[in-house]
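**Q** Dropping a structure here in structure tokens format, bear with me for questions.
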Amino acid sequence: MKWNSCFKNNIFGPCFRRILNICKCKPMKKLFLAMAALATVLISCQSDRSTGPTDLAKNSIIPKPVSVTSTGGTFMLTRKSDIIVMPGSPEEVAGIGHYLAGRLNPSTGLGLKVITDGGKPGKGDIQLVISEADSTLGDEGYELIITGKLLTLTAAGPAGLFRGIQTIRQLFVPEIESDTVQPGPWTIPTGTIRDWPEYGHRGEMLDVARHFFSPEDVRRFIDHLALYKMNVLHLHLSDDQGWRIEIKSWPNLTAHGSKTEVGGGEGGYFTQEEYSDIVKYASERYITIIPEIDMPSHTNAALSSYPELNVNGKATEPYTGTDVGFSTLDTRSETTYKFVDDVVREIAALTPGQYFHIGGDESHSTRIDDYIYFVNRVQDIVESHGKSVTGWDEIANATLKPGAVVQYWARATNAIKGVNQGAKVLMSPCKYAYTDMKYDSTTVLGLSWAAYIEVDDAYNWDPATLVPEIGREKIVGVQAPLWAETISTFSEAEYLIFPRLQGYAEIGWTPSDMRSWDEYRVRLAAHGKRMEILNIGFYRSPLIEWDQPDM
Ligand code: TNX
């Protein structure tokens, strides 16, 4: 019997005994045993490389999929693999195919092509199918059937296919994310994944006002949101320290109001063209941009750009500190409402999403009756431009319009007031979901007024039980804000955002009874390498055993 087959067929017993008998002395026996162990390891490694992983249940996908069934085989991408788009699919599906090819080709070097002319799928192909047959999947759900021959991704519409592609990415080893050719082989286990989100709103907020981040930074961040199946990016576009979006009818907002940021840096702003490019880039990833103009407080950048917006008619000085609540628009002046109308009109015209965020937080220098009058009028303006209102939880003190969404960040009593008026709630509780909070007392960046939020704190909460009066049916989803007082580069932003973002993504997607920290932390560990390859400057939490292999 050959040595190789002796090991491969695992019939160690007779082979071993015979040889051990031949090895008369102890050192020889020991040497033989050591060689045998080494050979076993080498052979098993080699067989792993040729057959690949076979247990789909042992995946590290974040957010955790709703259902996974393993069939114990292996699917492999090869030079013959292509991406097949079924004829008759909406045009967008070919775009999604090209997005997938763009993710897979740089690292695999396999040159997968997108075939749209009705070619029959062959071994190693990925097939993208639109079918409404399975209504459980909803708008963003998908089904992935992986056999030894074919990988078939089915969804009711393009958004579901796009989410499913993120699962395909994560099934491969982290090196799939590389932008240079890696050795492979490119194998994944066979089986079926059926998956859909718990909540329709899963997002992050980026404060580009306290410090400005470039359109390139924002686009890169959108790519990272996409990888974790998030679907909303809320942009906090104005605050005391800077106005960050071009408004053509009020040009001094950017000519003057954009030139500052916390600490005295040069600030910046998005031209309308740049903003539209961001919106388009996000929508190609099935991510909706929610623009926020924070009012009536958090408005010093506007107040210093236009004297007529101030109660006393005098422009304020630019502000580069970190206090809050000291500024207010003149809520009883028609000029203010002309201003708000122009701003909302111009931004709404560039924003396809349903919501316009009116801020409304921390208006400590606005009298409560003025505040309520203001929020009520601004809601009318937002509605007149075809958008629904969303705002920080304080807006629930006004009379909310049907369809309004209250973003709970600080006061449960406010959120409950909103619910009692029929509004829905977006969950951003500052004690769990504020990504500008430090991880612990040693974190250099960030603030700590709400809490220290370690990676387990960020994961271990359930939006549906956080506030007993606000049940699951009232909640639209989860959003984690990143306030930018203490961060001035995007790699600093990444340090605070990752790896808490993965937890928020999973809270938003995976049913709470399927989530457990002990199981999640093992999956998260496997994302360390992936984040490294993607150059995400994440926080290496001591709670996670990083550097484990991906599967
Ligand atoms: C509170 S959260 C704010 C922001 C600050 C943040 C800092 C909210 C609606 N308002 O203006 O940037 O705290 O953590």
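The values are calculated or read from the model by the stated rules, or taken from the named source; none is laboratory data. Computed from a prediction, not measured in an experiment: that's the story for all the values here. Positions of Cβ are backbone-derived with ideal geometry, glycine not excepted, and every protein chain shown enters the neighbour counts. Side chains included, ligands, DNA and RNA excluded: accessible areas come from the protein's heavy atoms. Shrake-Rupley method; radii C 1.70, N 1.55, O 1.52, S 1.80 Å.
**Q** With Gly353, Gly359 as the choices, which residue is open to solvent by less than 30 Å² (accessible area, probe 1.4 Å), more than 16 Å from the ligand (Cβ to nearest atom) and small (Gly, Ala, Ser)?
**A** Gly353
**Q** Follow-up. Which number in (1) in contact with a helix residue (DSSP H, G or I) (Cβ under 8 Å, 6 or more places away or on another chain); (2) within 18 Å of Lys229 (Cα to Cα); (3) more than 16 Å from the ligand (Cβ to nearest atom) marks the one condition that Tyr504 misses?
**A** With (1) in contact with a helix residue (DSSP H, G or I) (Cβ under 8 Å, 6 or more places away or on another chain); (2) within 18 Å of Lys229 (Cα to Cα); (3) more than 16 Å from the ligand (Cβ to nearest atom) applied to Tyr504, the lone miss is (3).
**Q** Thr322: farther than 20 Å from Pro402 by Cα, within 16 Å of the ligand (Cβ to nearest atom) and open to solvent by less than 60 Å² (accessible area, probe 1.4 Å), yes or no?
**A** It is false that Thr322 is farther than 20 Å from Pro402 by Cα, within 16 Å of the ligand (Cβ to nearest atom) and open to solvent by less than 60 Å² (accessible area, probe 1.4 Å).
**Q** Right, Gly403: surrounded by fewer than 23 Cβ atoms within 10 Å (Cβ to Cβ) and more than 23 Å from Leu237 (Cα to Cα) or not?
**A** no
**Q** Is there a residue being within 16 Å of the ligand (Cβ to nearest atom) and in contact with a Ser or Thr (Cβ under 7 Å, 6 or more places away or on another chain) anywhere in segment 450-460?
**A** Yes, segment 450-460 contains a residue that is within 16 Å of the ligand (Cβ to nearest atom) and in contact with a Ser or Thr (Cβ under 7 Å, 6 or more places away or on another chain).
**Q** To continue, here is another question. Look through Gly122, Gly138, Gly95 and report the one residue that is surrounded by fewer than 18 Cβ atoms within 10 Å (Cβ to Cβ) and over 25 Å from His201 (Cα atoms). Step through it out loud before you land on a result.
**A** Details: Gly138 fails: over 25 Å from His201 (Cα atoms); Gly95 fails: over 25 Å from His201 (Cα atoms).
One residue alone meets the criteria, Gly122.
**Q** Can you go through Asp341, Asp330 and tell me which one is away from the ligand (no atom under 16 Å from the Cβ), part of a helix (DSSP H, G or I) and surrounded by fewer than 22 Cβ atoms within 10 Å (Cβ to Cβ)?
**A** So the residue among Asp341, Asp330 that is away from the ligand (no atom under 16 Å from the Cβ), part of a helix (DSSP H, G or I) and surrounded by fewer than 22 Cβ atoms within 10 Å (Cβ to Cβ) is Asp341.
**Q** Of all residues in segment 411-460, count the ones that are over 22 Å from Glu394 (Cβ atoms), open to solvent by 10 Å² or more (accessible area, probe 1.4 Å) and among the hydrophobic types (A, V, I, L, M, F, W, C).
**A** Qualifying residue count for the region: 2.
**Q** Report every pair of residues separated by at least 6 positions or lying on different chains whose Cβ atoms are under 8 Å apart, first residue within segment 463-483 and within 16 Å of the ligand (Cβ to nearest atom), second open to solvent by 20 Å² or more (accessible area, probe 1.4 Å) and not in a strand (DSSP E or B).
**A** Every condition considered, the pairs that remain are Pro481/Trp409.
**Q** Kindly indicate which of Lys229, Lys248 is part of a loop (DSSP other than H, G, I, E, B), surrounded by fewer than 24 Cβ atoms within 10 Å (Cβ to Cβ) and modelled with pLDDT of 95 or more. It would help to see each step written out before you state the result.
**A** Working: Lys229 fails: surrounded by fewer than 24 Cβ atoms within 10 Å (Cβ to Cβ).
So the residue among Lys229, Lys248 that is part of a loop (DSSP other than H, G, I, E, B), surrounded by fewer than 24 Cβ atoms within 10 Å (Cβ to Cβ) and modelled with pLDDT of 95 or more is Lys248.
**Q** Where the second residue is of a type in the set (D, E, K, R) and the first is over 26 Å from Pro53 (Cβ atoms) and lies in segment 135-148, which pairs have Cβ atoms under 6 Å and are six or more apart or on separate chains?
**A** What qualifies is Glu140/Arg163.
**Q** Please work out if Thr136 is touching a Gly at 6+ places or on another chain (Cβ under 9 Å) and β-branched (Val, Ile, Thr).
**A** For Thr136, the condition - touching a Gly at 6+ places or on another chain (Cβ under 9 Å) and β-branched (Val, Ile, Thr) - is not met.
**Q** With the structure loaded, tell me whether Glu261 is open to solvent by 10 Å² or more (accessible area, probe 1.4 Å), within 28 Å of Ser365 (Cα to Cα) and within 16 Å of the ligand (Cβ to nearest atom) or whether it fails that test. Please lay out each step first, then the result.
**A** Details: open to solvent by 10 Å² or more (accessible area, probe 1.4 Å): yes; within 28 Å of Ser365 (Cα to Cα): yes; within 16 Å of the ligand (Cβ to nearest atom): yes.
When the stated conditions are applied, Glu261 passes them.
**Q** Right, next: Scanning for something open to solvent by less than 50 Å² (accessible area, probe 1.4 Å) and more than 15 Å from the chain's Cα centre (by Cα), does segment 503-515 turn up at least one residue? Walk me through how you get there before you give the answer.
**A** The first filter runs over segment 503-515 and keeps only residues open to solvent by less than 50 Å² (accessible area, probe 1.4 Å), leaving 503-511, 515.
When the remaining residues are screened for being more than 15 Å from the chain's Cα centre (by Cα), the result is 511, 515.
Within segment 503-515, one or more residues are open to solvent by less than 50 Å² (accessible area, probe 1.4 Å) and more than 15 Å from the chain's Cα centre (by Cα).
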